[in-house]
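Inspection log for the structure reproduced underneath, given as structure tokens.
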Amino acid sequence: MHDFSDLLRPEAVYEGIAAAHKKALFAQLALAAETLGFDGKLTAERLAAREKIGSTGFGGGVAIPHARLPGLGAVSGIFMRLAQPIEFDAVDTLPVDLVFTLLSPVDAGAEHLKALARVSRRLRDRTFLAKLRGAGSPDALYALFTADAARDAA
């Protein structure tokens, strides 16, 4: 299942985001979290705390920062395509330009891990990554993530 409509809302997809480093990226993610009704400051703090455990940059220019937040009803995603790649201490040492952030309820044990695995599997697909990098708008990016749902509805 490649449809991400259960994790990602159209208003949680951004492109052309300017961030010079991780801290600036987490500040941008905090703003995005606030537009979704989440606590932005806590989001940035939890993402930074998780990142101290180890980098969430898993290679190929992709990072999947994730955190657990109180008060969330379900696992939610925020996707950002950065204007310029940033250093992220990724396993392959490549800078990151595609960031899929997962925010989960504090008690979402298995649900959090399943969502993380789903996102990770999808973002390992080089053809899909090329499409994400070539998409011209947030709407086009969202359509790529939800293409299976649209195809099934047709």
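The values are calculated or read from the model by the stated rules, or taken from the named source; none is laboratory data. Just so we're clear, the structure is a prediction, and the values are computed from it rather than from any experiment. Cβ: placed from backbone, ideal geometry, glycine included. Neighbour counts: every protein chain shown. Remember, those area values only see protein heavy atoms, side chains included, never the ligands or the DNA or RNA. Shrake-Rupley method; radii C 1.70, N 1.55, O 1.52, S 1.80 Å.
Tabulated data
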| quantity | calculated |
| --- | --- |
| Carbon plus sulfur fraction of accessible area for the chain, probe 1.4 Å, in percent | 56 |
| Net length gained if the chain between Ser120 and Lys52 were fully extended (0.36 nm per residue, minus Cα distance) | 22.5 nm |
| Ranked packing of 105-118, 18-31, most packed first, by mean Cβ within 10 Å | 18-31, 105-118 |
| Three semi-axes of the equivalent ellipsoid, region 1-69, Cα gyration tensor, whole Å, largest first | 18, 16, 13 |
| Charge-dipole axis of region 106-147 as Lys and Arg at +1 and Asp and Glu at -1 on Cβ define it, positive-most pick from Ala108, Tyr142, Leu129 | Leu129 |
| CD proxy at 222 nm, helix term only [per DSSP H run n ≥ 4: -39500 (n - 2.57); per residue of the chain; nearest 500] | -13000 deg cm²/dmol |
| For region 10-147, size of Cβ-based charge dipole, Lys and Arg +1, Asp and Glu -1, in debye | 340 |
| Kirkwood Rh and Cα Rg combined as Rg/Rh, region 78-154 | 0.99 |
| Helix runs (DSSP H) in the chain reaching 18 Å along axis by Cα, Kyte-Doolittle at least 0.5 | 22-35 |
| In nm, spacing of pseudo-spin labels at Lys23 and Glu45 (7 Å Cα→C-beta vector) | 1.7 |
| For region 52-104, alpha-carbon Rg and Dmax in angstrom | 11.8, 35 |
| Lysine-lysine proximity count for the chain, Cα under 26 Å, sequence distance 8 or more or distinct chains | 10 |
| Estimated D of the chain in µm² per second, where Rh is the Kirkwood radius over Cα pairs and Stokes-Einstein applies at 25 °C, 0.890 mPa s | 160 |
| Point-to-point label distance, Ala74-Asp89, nm (Cα→Cβ direction, 7 Å offset) | 3.3 |
| Relative contact order, percent, the chain [alpha-carbon distance under 8 Å, six or more residues apart] | 29 |
| Nearest-0.05 FRET efficiency for Glu111 and Lys131, computed from C-beta distance (R0 25 Å) | 0.40 |
| For Tyr14, distant residues with modelled amide H under 5 Å away | Phe79, Met80, Arg81 |
